[in-house]
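*Asks:* Please see the structure below; I have some questions.
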Amino acid sequence: MLARIGGLVRMRDKPDSDYGSVIRVWNLLLVLGLLIVSGGAFGANAVSSWDGGGAGMQVVRVEVATQERSPNMKIVARTMWLGDEMTVELSDNGTVFGDHASDGVWVAEFRGAAVRELPIRFWVTMPGQEAIMAGGGVEPLQQDTDIISYVMEVSPLGTPSMYRVAATLPGPTLRMAEAAGIAALLGWIALAFGYVAWLTKVAMRERSEVGGPLPDGD
């Protein structure tokens, strides 16, 4: 199959043929589409970086995106780091490096000796309620400075819940960005399949017109 398509491209990509221009345009569109999709995927994960805590020190940044604006809401993250219980309180006031005040992303950092994974739990205290464990899990760590991102939603009854995401943006914005990226990727895959099918159909028609057999491709 690939040999047939390659033969068609070589045959049609001649100065005296309109097919050469069409094929070049399709190739350019496919390359640009793949670059856009891959660039968007990279951008979704290209969150801010910072200097680590020094030699032998590991920094784990926890981020929680939410549109909840309840006054006096409190979010804390707890973990067990090499046998020691650690608790940090997240904030959205710009005091943590790389955080923008009041942007809906709550941030805090754990620091300690290098580890491979951490069990992290998020506890949320809503006004007038007791603290609730809203989410978390065992997080594998990849490098000296890791970012662990969650989105928090609050039910109509005022119960908070969290789920893991690749990067932190306000909840609906994040879901729209992820959905748009997936839709774009599926669209370009469908376009690529249609392109290959069109080339194959043209190759088979031309071979049948000249009465020659289709090349084996092996």
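*Asks:* Relative to the present Cα-Cα distance, how much length would full extension add between Ser208 and Arg121 at 0.36 nm per residue of separation?
*Replies:* 24.7 nm
*Asks:* Mind ordering 95-107, 195-207 by average Cβ neighbours within 10 Å, highest first?
*Replies:* So the order, starting with the most tightly packed, is 95-107, 195-207.
*Asks:* Further question on the same structure: Return, for the Cα atoms of the range 66-170, the radius of gyration and Dmax in Å, separated by a comma.
*Replies:* 13.7, 41
Just so you know, all these numbers are worked out from the coordinates, no wet-lab data involved. Please read these numbers as outputs of a predicted model, since none were measured by experiment. No Cβ is skipped: glycine too gets one built from the backbone with ideal geometry, and neighbour counts run over all protein chains shown.
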